[in-house]
Each structure stands twice: as structure tokens, then as C-alpha cells.
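The values are calculated or read from the model by the stated rules, or taken from the named source; none is laboratory data. Model, not experiment: these values are computed from the prediction. Here the Cβ positions follow ideal geometry from the backbone for every residue, glycine too, while neighbour counts run over all protein chains shown.
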Amino acid sequence: MSLAKKTFVLRINDETFSALAKWAEDEFRSVNGQIEMILDKALKDTGRKKVKTDTNKIKIDRSKIEKK
């Protein structure tokens, strides 16, 4: 995966920008970071971006777990 980011101009109205800025502040992000998060989630939710899975997760053999 490339770490390079594309730069482009986004034109939105003042009301939308203010709402985004408030939302970003509430979640301790920059407006740019908030937009990236929203777009990333939308792409994953619609199946247009693969969801990365953690390959380091520990697999548990549930048949060996004691039941109480």
C-alpha cells in the first residue's frame, strides 16, 4: 500500500464545512482526517474497499474451552 496521498480541491458550502468541523472536533480529528474517515467507512460499507483483517489475531479452539 502506498503511503502517498493525493491532493485535490474540495468545494463545500459554509454550513457543511461548519458541521464537519464540529464533528471532527468532537472526535479529536482535523477536518481533513474526518473527511478521510467518512470516505473510508463509506467505501468499506458499500464493498468498494476491502476491509483489512488482523492476521495476528489469536485463534482459539473452542472445543477445548471448559464449559461451566
### Query
How many residues are out of contact with any helix residue (DSSP H, G or I) (no Cβ under 6 Å at 6 or more places or on another chain) and among the aliphatic types (A, V, I, L, M) when one looks only at segment 1-37?
9
### Message
Pairs needed: first member in segment 9-27, closer than 12 Å to ILE38 by Cβ; second member anywhere, not small (Gly, Ala, Ser); C-beta distance under 7 Å; at least 6 residues apart or different chains.
### Response
LEU20/VAL31; LEU20/GLN34; LEU20/ILE35; TRP23/GLN34; ALA24/VAL31; ALA24/GLN34; GLU27/GLN34
### Task
Would you check which residues across segment 8-38 are under 26 Å from LYS50 (Cβ atoms), outside any helix (DSSP H, G or I) and either aliphatic (A, V, I, L, M) or modelled with pLDDT under 95 (or both) and list them?
PHE8, LEU10
### For LYS49: the one exception among (1) surrounded by 12 or more Cβ atoms within 10 Å (Cβ to Cβ); (2) modelled with pLDDT of 95 or more
(2)
### Query
Which residue pairs have Cβ atoms under 7 Å apart, sit 6 or more places apart or on different chains, and have a first residue in segment 47-58 that is on the phi < 0 side of the Ramachandran plot and a second that is modelled with pLDDT under 70 and outside any loop (DSSP other than H, G, I, E, B)?
none
